[in-house]
Amino acid sequence: MSDGIGNRRAIFLDRDGTVIREVGHLHRCDRVEILARVPEAIRLLRARGFCVVVVTNQSAVARGLLTEEELGMIHEKLKARLAQQGAQLDGIYYCPHHPTEGKGTYQCNCDCRKPNTGMIVKAAAELGLDPSRSYVVGDQASDMVLADRVGAKGVRIADPGIERGRAGSQYPVVADLWQAARWILDDQGQLPES
């Protein structure tokens with residue numbers, strides 16, 4: 001997928017279940033709970049030269065559970081809480097659509113809903129990123145399909161014991177973002193000494 005957009009490496013993170021606790025269709029700021037060691041993982045990845053970008057399907061907008069403005073407030077709260085712990089995101093990209101659920105123009109087949117590539121294409125253009133030098137980290141199969149479609153490497157967050165039992169998994173399986181960060185740095189030959 002690399003077409004000269006940029007040459008910076010990135011970590012594209014799913015939001016729910018990867019950065020923050022999965023609570024169903026999150027629609028209130030007070031339900032934002034950053035998962036353990038996430039700020040530490042983001043700091044480590046950025047220190048090793050990666051941009052860190054969230055790409056997230058947010059059909060709660062299409063379903064009328066919150067507005068895009070309210071979603072923006074949730075993302076500002078997330079960024080502020082991460083910043084309090086010294087962790088910065090380079091961007092948050094979201095898809096507010098759903099192909100079958102939703103109201104008005106939000107009910108559509110779009111190019112941004114994962115596993116479609118629109119969010120990463122936009123982030124790559126705006127931030128000068130090269131998806132083929134990057135990683136997608138998430139807890140859903142759609143995140144791994146997205147990684148394949150943009151030519152990135154996928155890292156799956158799941159219970160490793162359960163995932164190891166599934167035949168044919170081509171993605172590394174880790175328990176959380178901290179372990180994903182360490183796997184990525186090891187893959188890059190940049191893992192710091194313990």
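In segment 11-22, the residues that are on the phi > 0 side of the Ramachandran plot reach residues that are part of a strand (DSSP E or B) and buried (at least 21 other Cβ atoms within 10 Å of the Cβ) with C-beta atoms within less than 7 angstrom, at least six apart or across chains, in these pairs: 17/157. Taking segment 19-40 as the range and being in contact with a helix residue (DSSP H, G or I) (Cβ under 6 Å, 6 or more places away or on another chain) and either closer than 20 Å to residue 61 by Cα or part of a loop (DSSP other than H, G, I, E, B) (or both) as the test, the residues that pass are 19, 23, 29, 32, 37. Among the residues making up segment 23-58, a single one is at positive phi and either touching a residue at least 60 places away in the same chain (Cβ under 8 Å) or crowded, with 17+ Cβ neighbours inside 10 Å (or both): 37.
Determine whether residue 81 is in contact (Cβ under 8 Å) with a residue 60 or more places away in the chain and under 18 Å from the mean Cα position of the chain (by Cα). In short, no. The residues in segment 137-179 that are among the polar types (S, T, N, Q) and at pLDDT 90 or above can be counted, and the count is 3.
The values are calculated or read from the model by the stated rules, or taken from the named source; none is laboratory data. Quick caveat, the model's predicted, so the values are computed rather than measured. Cβ coordinates were reconstructed from backbone atoms using ideal geometry, including for glycine residues, and neighbour counts include every protein chain displayed.
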